[in-house]
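The values are calculated or read from the model by the stated rules, or taken from the named source; none is laboratory data. As the structure is a computational prediction, the values presented were derived from the model and not from experiment. Don't worry about glycine lacking a Cβ; one is built from the backbone with ideal geometry, like all the others, and counts go over all protein chains shown.
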Amino acid sequence: MAPPNNSTAQAQIALMIQVIDENIETAQNLDQGIDRRFQMATARDMGKEKYRHPIEFDVGGQFAFYDPDGGPYIQGNGPGYNQFIVVPVAGIMGVARTELLARIEGAGTDRLLIAKPIARMLAKMKDKFAHTRNALAQGYNQGLLGTVDATYAGGTVIQMANVPYGNRLFDINNQYQVTDANFNVLGVVTVLQKSLSTGGGVDTITVDQLPIGGVAAGYQFIPMNAASGAPLGPQGLQYLISNSQNGDNCGIARTIPYVQAPSVNASSTLNLGIITVMNQRQNQALGSDQDDQKRFYYTHYVQQATADLLGFAKVMITTDSGKQPRFDIAPAKNMPWMIGNQEVLTDSMAGVDKLYDIAQGQLRKVRYPGSQKMIPGILEGIWWPRYQGGQATSESDALFQDAYNFYTKLPWAHVYAYNIYVNPVMAAGV
């Protein structure tokens with residue numbers, strides 16, 4: 001079943017009264033989180049050939065003792081290099097309109113329409129794509145957007161596993177492919193609604209229909225057109241910063257230690273010990289004399305709330321006047337969260353069970369030339385007529401495309417903690 005058709009003038013009727021408030025609010029999460037940090041790094045355009053980035057794993061040199069009084073010299077050795085191979089993944093996003101909606105929007109200054117839904121939709125298209133890149137940047141490289149929770153017992157209201165994403169990576173009125181646990185595509189559904197996420201409890205999505213055979217715990221959701229059985233999407237944080245020894249990292253086998261990122265299995269709520277061990281293990285990987293780098297932590301906001309609760313339990317107020325000052329029960333809401341003296345970037349789309357310590361200068365993004373542009377159309381430059389039964393209709397689509405991928409130049413520059421628990425109070429019902 002196709003998603004609701006919001007390209008018609010009838011669908012925009014809320015904007016088509018004589019006088020409206022032009023300050024229209026958007027009730028949709030458009031967080032761009034970690035995608036913005038990759039944007040800050042240098043983006044490299046590349047041709048059709050695969051992009052290659054070298055990594056030096058050995059500077060060369062062989063040490064030995066020797067006898068300078070007639071003893072033999074030794075044979076030296078040279079540096080060792082390998083290369084990451086990065087291939088952009090092409091994605092596309094479409095919006096639609098009808099001829100009537102276009103006519104009404106272009107009606108002029110008769111105040112029939114104050115807000116222009118087509119112009120507004122096109123203006124937000126690039127932000128929506130960045131939001132989608134951020135969603136795909138959370139996982140590995142299969143495009144996984146959510147997993148059905150063990151509590152699911154049937155029906156079109158589906159419980160989604162809170163760890164790591166819940167329903168936070170879905171967009172209402174978008175279609176997704178449903179797969180089994182091995183990524184075999186079973187069918188396509190439209191997300192009609194999703195519950196208000198608590199960040200700590202089980203979220204739900206409401207779909208229009210179930211695929212043939214239904215849905216079961218452990219089933220997964222991936223983007224449209226991703227390949228059945230072996231979906232391949234952009235490389236996310238779980239791919240780039242990972243301790244896994246399975247598979248490869250941009251063509252280099254993960255059994256090679258220098259592509260395995262330092263890590264800590266927390267098995268607890270966030271605390272000082274986890275941070276200290278993260279620092280120690282990253283320091284051990286590159287040495288204490290490594291160059292200073294701009295670094296930031298990255299995690300879900302629920303971990304900040306968990307840390308605040310821990311800190312609140314340890315607050316002690318001393319006074320020498322004998323008077324008890326009034327205690328403000330909460331920290332300033334807009335105060336930046338710092339761990340040590342390092343910025344923490346919180347993101348409502350991030351996994352709730354991980355904390356990344358990232359060296360920003362090592363993040364990279366590659367693109368094919370001409371990416372991040374509208375695909376030229378035959379109507380007014382960007383619009384493509386929609387056909388039905390071989391006949392053009394009064395509905396048309398505009399398409400925005402991007403072909404990109406993420407990688408990191410140096411996995412050892414980062415470190416992450418996983419299996420971080422969430423304070424039980426976060427699961428309180430709404």
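Within the set of pairs 6+ apart or on separate chains, which have a first residue in the range 196-210 that is in the same structural domain as N162 (by TED's automatic domain parsing), a second that is acidic (D, E) and not in a strand (DSSP E or B), and C-beta atoms under 8 Å apart?
What qualifies is V202/D149.
Across the range 124-160, what is the number of residues that are of a type in the set (F, W, Y), over 12 Å from the mean Cα position of the chain (by Cα) and under 17 Å from P223 (Cβ atoms)?
Residues meeting the conditions: 0.
All but one of (1) free of Cβ contacts under 8 Å to residues at least 12 places away in the same chain; (2) hydrophobic (A, V, I, L, M, F, W, C); (3) in contact with a Phe, Trp or Tyr (Cβ under 9 Å, 6 or more places away or on another chain) hold for L272; which doesn't?
L272 satisfies every listed condition except (3).
Does the range 211-229 hold any residues that are within 30 Å of G247 (Cβ to Cβ) and in contact (Cβ under 8 Å) with a residue 60 or more places away in the chain, and which are they?
The answer is V215, A216, A217, G218, Y219, Q220, F221, I222, P223, A226.
Tell me the residue from R52, R37, R97, R103 that is in contact with a helix residue (DSSP H, G or I) (Cβ under 8 Å, 6 or more places away or on another chain), over 22 Å from G139 (Cβ atoms), modelled with pLDDT of 75 or more and of a type in the set (D, E, K, R), please.
When all the criteria are applied, what remains is R97.
I need the strands (runs of 3 or more DSSP E) fully contained in the range 321-409, keeping only those with at least 1 residues that are under 28 Å from the mean Cα position of the chain (by Cα) and in contact (Cβ under 8 Å) with a residue 40 or more places away in the chain.
342-346, 355-359, 363-367, 391-408
Would you be able to tell me the number of residues in the range 72-101 that are touching a residue at least 40 places away in the same chain (Cβ under 8 Å) and either surrounded by 15 or more Cβ atoms within 10 Å (Cβ to Cβ) or not polar (S, T, N, Q) (or both)?
Counting residues in the range 72-101 that are touching a residue at least 40 places away in the same chain (Cβ under 8 Å) and either surrounded by 15 or more Cβ atoms within 10 Å (Cβ to Cβ) or not polar (S, T, N, Q) (or both) gives 19.
Being within 25 Å of N162 (Cα to Cα) and either surrounded by 20 or more Cβ atoms within 10 Å (Cβ to Cβ) or out of contact with any strand residue (DSSP E or B) (no Cβ under 9 Å at 6 or more places or on another chain) (or both) narrows it down to one of V352, V366, so name that one.
V352
Looking at (1) in contact (Cβ under 8 Å) with a residue 60 or more places away in the chain; (2) within 27 Å of Y356 (Cα to Cα); (3) of a type in the set (A, V, I, L, M, F, W, C), find the lone condition where A253 falls short.
Unmet for A253, out of (1) in contact (Cβ under 8 Å) with a residue 60 or more places away in the chain; (2) within 27 Å of Y356 (Cα to Cα); (3) of a type in the set (A, V, I, L, M, F, W, C): (1).
Somewhere in the range 273-285, is a residue touching a Gly at 6+ places or on another chain (Cβ under 8 Å) and not assigned by TED's automatic domain parsing to the domain that holds A153?
Yes - at least one qualifying residue is present in the range 273-285.
Those residues that are of a type in the set (S, T, N, Q) and either at pLDDT 90 or above or assigned by TED's automatic domain parsing to the domain that holds T306 (or both), I need them from the range 371-407; list them, please.
Scanning the range 371-407 gives Q388, Q391, T393, S394, S396, Q401, N405.
Looking at the range 269-284, which of the residues that are of a type in the set (A, V, I, L, M) and in contact with a strand residue (DSSP E or B) (Cβ under 8 Å, 6 or more places away or on another chain) is modelled with the lowest pLDDT?
L270
Would you confirm, using the coordinates I've provided, whether V148 is surrounded by 14 or more Cβ atoms within 10 Å (Cβ to Cβ) and within 30 Å of G201 (Cα to Cα)?
For V148, the condition - surrounded by 14 or more Cβ atoms within 10 Å (Cβ to Cβ) and within 30 Å of G201 (Cα to Cα) - is met.
Select from the range 170-184 the residues that are assigned to a loop (DSSP other than H, G, I, E, B), within 17 Å of G218 (Cβ to Cβ) and hydrophobic (A, V, I, L, M, F, W, C) and list them in ascending order.
A181, F183
Please state which of the following conditions V215 fails to meet, knowing it meets all the rest: (1) at pLDDT below 95; (2) outside the structural domain of Y298 (by TED's automatic domain parsing).
All conditions are met except number (1).
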